[in-house]
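Shown next, in C-alpha cells, is the structure this report addresses.
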Amino acid sequence: MTNNEAKFILNAYRPSGRDADFPAMATALAQARNDPALGAWFAREQAHGAAVAAKLREIAPPAGLREAILTGARMSGPAAAPRRAWWTQPGWLAMAASVAVLLSLAAWWRLAPVRGGTLEEFAVNFVDRGFRLQKHSADVGELKAWLNEQHRPLPEALPAKFAELRALGCRTVDFQGREISLTCFERGGKEFHVFVARRDFVPDGLESAAPRFLERGKFAAATWTDAKNNYVVVSDAGMDAVKRLF
Amino acid sequence: MSNEAFTQLVDAHYTPLYRFALSLARREADACDLVQQTFYIWATKGEALREASKAKAWLFTTLYREFLRGRRRDARATSLEDLPPGEQDIAAEEVDRVAKMDAATVVAALQSVEEIFRAPLTLFYLEDLSYLEIAEALEVPIGTVMSRLSRGKTQLRAALAREEQAGRSKVVPFDGAAERKPA
C-alpha cells in the first residue's frame, strides 16, 4: 500500500474508532504508526475532523421542533386506534377545518397593509407577517442588477460580516408609498433581511452611521445609514447574531 | 410502536437528523420540514419498518430521499470528470482556523460544499452511521463514499479559508451592476 493509498483510506477514519475494522483500515493505520510523515498527516487530519465535528455538534434544533414532531405523529401515528385512513381521523378532520379557517384569515391578513410608523417597525412587521422573494439568487451582483431594473435603492456597502452570509434573493417593498428594497441572506439556517430606503424617503431620520440595535418580540434588528440610504436588518437569529454582523 | 417508544425514538435521533437536514437544505425552516416529514413517514408506514436496530439508518436514508424528492434535480449534474482533486495535505493552521470559528460559520462552509459531496461529508462528521449504512443511504458503493469524502473535505477546507478571509475584510462592496442614478 502506497502512502497515497493509505491517505485515501485514512481520510475516512473517524476518531471514535468505529471504522477500525473497515477493510484495509487496519493496514493503513499500521502504516501511519510506522511512517512519521504519514503519521503526522493523519494526526492533523484527525484534529481537523474533530474540530469540524465539534462545531457541527454545537448546532441545536430550533425550539419547538421536538414538540411539533411528537404532536404531528400523535395526530397520524400508530397509537390512533381503531386505525382508519389518516385523512378520515377526527383529528385530521378538525385540523382540516382549522386550516380552512386559518387560510381565510391568512388571505385577509395578507391583503391588509403592514403596519409601522418607522422603517424599523415596518421592517419587523413585514418579516413577521411573511413574504415571498421575487428574485432568487445567491449572486449579490445579480440581485443588485435586478433591483436596479426595478428602480429600487441598492446598498452602497454592507458591514464586513455580511460577506459571511449567503444571499437568498430579494424583492421590492412599498413603505408609506415609497419604493424600498429588501435583500435576504442566510447563515446556518438563520435568515437576515436587509431593508434599504433612500435617505430622502424616510423623514423620521435614521441619522446614525453607527448601528443602533433594537428588539421587537422574537426579532432582533439593527438600523444604520450611509451617504445615500437608510438600512434596517431584521433577523430571528437573536441579538448576538445581529451584533456580530457589525 | 407505543407513544412512549416513539418519543424515545424522536429524542434519540431528531438532533443529528436536524443537523444532517440543515446541511442539505441550508435553511432552518426547510430542515425542520424534512425532519418532521421523516418522522411522519415513520409514524404512518406501518409495522413493517419497525425494526428498532435499523431505525437510525432508516431515518437518515428516508430524510435524504425526501430531500432529493423535494428539490429539483440539479441540471448541472457533476460528472466524474468534473470532480475537483482530492488528497491535498492539510496545514496545521487549518485546525486552529476551525477551532476559532463559530459553529454557524463552519456550517455555512459545509453548506457551500457541492451537494454530491456534502451528504457523505456531513454523515461522516455526525458519526451516526457506519460506512455501510452511509453507502446504503446514498445508494452508492462504499468506495464512492470514500472518494466523495476525500473531495468533499478538499472543498470544505477551501470554503473554510474563504469564510476566514471574508471575516477579515473591513467593508464589503455590494458587487454587481452599477446603481442607476435616481431621476
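Odds and ends about this structure:
- 10 Å Cβ neighbours from other chains, averaged over peptide B:37-44: 5
- For segment B:13-20, 3J(HN,Hα) computed residue by residue from phi via the Karplus equation (6.51, -1.76, 1.60; θ = phi - 60°) reads 10, 6, 5, x, 5, 5, 4, 5 Hz, glycine and proline entered as x.
- Among the trypsin sites (Lys or Arg not before Pro) in segment A:119-186, those placed in a DSSP loop whose Cβ has at most 15 other Cβ atoms within 10 Å are A:132.
- Taking amide H atoms as placed 1.01 Å from N in the peptide plane, the amide H of residue A:150 has no partner under 5 Å among residues 5 or more positions away or on other chains.
- Shape call, segment A:3-57: gyration tensor on alpha carbons, a/c limit 1.5: oblate
- Cα→Cβ-extended label distance, 7 Å offset, between residue A:37 and residue A:246, nm: 5.2 nm
- Computed extension gain for residue A:2 through residue A:24, at 0.36 nm per residue and net of the alpha carbon distance, reaches 6.7 nm.
- Computed from backbone phi, the HN-Hα couplings of segment B:145-160 come to 4, 5, 5, 5, 4, 4, 6, x, 5, 4, 5, 5, 4, 5, 5, 5 Hz, rounded to whole numbers (Karplus: 6.51 cos²θ - 1.76 cosθ + 1.60, θ = phi - 60°; Gly and Pro given as x).
- Here the mean projected area of the convex hull built on the C-alpha positions of segment B:1-42 is 2.7 nm².
- Förster radius 51 Å - calculated FRET efficiency between residue A:228 and residue B:91 (Cβ-Cβ, nearest 0.05): 0.75
- Estimated Rh, segment B:1-71: Kirkwood, alpha-carbon pairs, angstrom: 12.2 Å
- Residue A:172 versus residue B:103: modelled label distance in nm, points set 7 Å from Cα along the beta carbon direction: 4.1 nm
- Segment A:160-200: Rg to Rh, with Rh as the Kirkwood radius over Cα pairs: 1.05
- Segment A:119-243: C-alpha gyration tensor shape, a/c 1.5 cut-off, then a/b vs b/c: rounded
- Residues whose amide H comes within less than 5 Å of that of residue A:238, counting only those at least five positions distant or on another chain, are A:220 (H built at 1.01 Å from N in the peptide plane).
- Between residue B:41 and residue A:136, the simple label model (points 7 Å from Cα in the Cβ direction) yields a spacing of 2.1 nm.
Only the coordinates and a few stated rules stand behind these numbers; no lab work does. Model, not experiment: these values are computed from the prediction. Note: ideal-geometry Cβ built from the backbone for every residue, glycine included; neighbour counts use all protein chains shown.
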